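Okay, so here's the structure we're looking at.
Please treat every number below as a calculation from the coordinates, not as lab data. These figures come from a predicted structure and were not determined experimentally. Here Cβ is always computed from backbone atoms with ideal geometry, including for glycine, and neighbour counts include all displayed protein chains.
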Amino acid sequence: MELTFKPYRIECSHPFGLSRSTHDFYDIIYIYLEREGNIGRGEAAPSNHYGESFESCLRVLETIPSSMVDFEHFQDFKSHVEPLTSGIKSLNAALSMAFFDLKGKQDKKSIYDKYGYSGNVTCPTSFTIALGDLQNISEKIDEAESYSILKIKLGSDSDRDIINEIRKLTDKTIRVDANEGWTLEQAKDMCSWLASKNVELIEQPLKADQLHLMKELKNESPLPLIADENCIDLSDIPKLVDSFHGINIKLMKCGWCDEVPKMIRLAKKFELKVMLGCMVESSVGITAMGQFASEADYLDLDGNLLIKNDPYLGIQINGGVPLLPIGSGLGLSLNMRGESAGLK
Ligand SMILES: [Mg+2]
């Protein structure tokens with residue numbers, strides 16, 4: 001099989017503001033594995049927050065020989081590429097997506113089928129409203145009309161103003177993501193206050209290195225608490241049981257696609273709720289995570305909905321619920337924008 005890759009800049013529809021940063025665009029890399037006329041696609045959306053960068057992904061990719069043995073089994077492919085990727089999780093995610101997409105096409109099977117999942121997604125996805133000017137909130141609420149759940153980024157100086165402003169405009173269910181933006185005292189205060197505002201859950205209230213304080217917050221919070229920055233991969237899950245009610249799994253954090261079903265299984269064993277999430281990504285990464293969506297308690301698969309130049313067609317939204325494309329592998333196709341950008 002032949003490995004190639006192509007960088008691409010995804011542009012945000014609105015500046016994407018979190019408690020720690022704001023972005024107008026993200027640089028990602030598409031990875032392609034080709035064999036006998038079939039193509040497998042993957043996407044690396046590296047996150048600076050987890051010590052990864054677009055530049056380091058490119059540097060590593062340039063050292064991987066493009067011509068590879070035609071691996072039949074994922075474990076053999078993984079053993080071959082794992083020593084070559086310097087532990088970059090987004091790269092591992094992209095390589096594994098491309099492998100499963102290619103294999104699925106060769107075997108004429110979808111990826112969810114391979115894992116024994118139904119592919120019938122019933123959970124609606126939330127739609128994110130990032131931090132930004134309060135004046136733009138009504139425009140963003142209008143844009144989110146077809147979504148039944150809003151995910152609101154907080155962790156700013158005007159958190160209550162943001163929620164009060166949104167509540168003047170809509171009574172839709174809200175999920176709050178503080179992205180580590182609160183102290184323990186602020187978090188206690190906000191958890192109680194938000195519980196009276198039709199808020200369903202709170203993601204990552206405290207800094208990831210303050211896990212020792214989370215147990216106290218969990219004991220007091222009337223709302224479920226979901227670990228994001230505290231939950232990178234499978235090895236984190238046992239440490240979170242006393243401190244959170246659930247975990248947010250993302251391919252770009254955990255790396256290999258086959259880590260996702262393992263994390264889902266372990267979380268359920270510990271009676272933790274499962275959210276499947278994403279970075280700001282295009283339809284390639286979102287459709288890959290969508291393969292596992294039938295198993296989730298909460299979906300936050302909106303990365304591709306927050307950008308204005310997605311070059312692929314994959315998962316579609318039907319009544320706020322992600323609908324997987326028909327077709328083997330990931331079922332992706334290139335759109336006109338992708339074709340003119342010279343993507344595969
Ligand atoms: Mg989060």
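Enter the angle in degrees (range 0 to 90, nearest 10) between the Cα long axis of helix 89-107 and the first principal axis of the Cα atoms of the chain, meaning the one along which they spread out most. Orientation of helix 89-107: about 50 degrees from the principal axis.
Comparing Ala144, Ala227, Ala288 in a Gaussian network model of the chain where C-alpha atoms under 10 Å apart are linked, the largest mean-square fluctuation is found at Ala144.
Counting every alpha-carbon pair across region 2-108, the share separated by more than 19 Å comes to 45%. For the pair Thr173 and Asn318, a Förster radius of 22 Å applied to the C-beta separation gives a FRET efficiency near 0.75, rounded to the nearest 0.05. How fast does region 48-180 diffuse by Stokes-Einstein, in µm²/s, taking the Kirkwood radius from C-alpha pairs at 20 °C and 1.002 mPa s? Roughly 114 µm²/s, to the nearest whole number.
Annotation: lysines with alpha-carbon distance below 16 angstrom to Lys308 (same-chain offsets under eight excluded): Lys140. Each label point was placed 7 Å from the Cα along the Cα-to-Cβ direction; for Ser118 and Glu82 their separation is 3.3 nm. Taking GluC sites (Glu not before Pro) as exposed when their DSSP state is a loop state and no more than 14 other Cβ atoms lie within 10 Å, the longest site-free interval of the chain runs over 146-270.
Computed over the Cα atoms of region 239-344, pair by distinct pair, the Kirkwood hydrodynamic radius stands at 14.6 angstrom. Over every Cα atom in the chain, the radius of gyration and the widest Cα-Cα span, Dmax, amount to 19.5, 59 Å.
With the simple model of a label 7 Å out from the Cα in the direction of the Cβ, Asn38 to His212 spans 5.2 nm. Here the spin labels are modelled as points 7 Å beyond Cα on the Cα-Cβ line, and at Leu234 and Ser294 they lie 2.2 nm apart. Since only Met68, Leu169, Asn136 are under comparison, the one whose Cα sits farthest along the positive direction of the charge dipole of the chain, derived from C-beta charges on Lys, Arg, Asp and Glu, is Met68. The separation of region 284-328 from region 221-245, counted between C-alpha centres, amounts to 24 Å.
For region 120-256, the orientation-averaged shadow of the C-alpha convex hull comes to 9.0 nm² (one quarter of the hull surface). Where only DSSP H runs of four or more residues are counted, the chain gives -9000 deg cm²/dmol as its mean residue ellipticity at 222 nm, each run worth -39500 (n - 2.57). Taking the chain as a Gaussian network, Cα atoms linked when under 10 Å apart, which of Ser148, Ser138, Ser90 shows the biggest mean-square fluctuation? The residue that fluctuates most here is Ser138.
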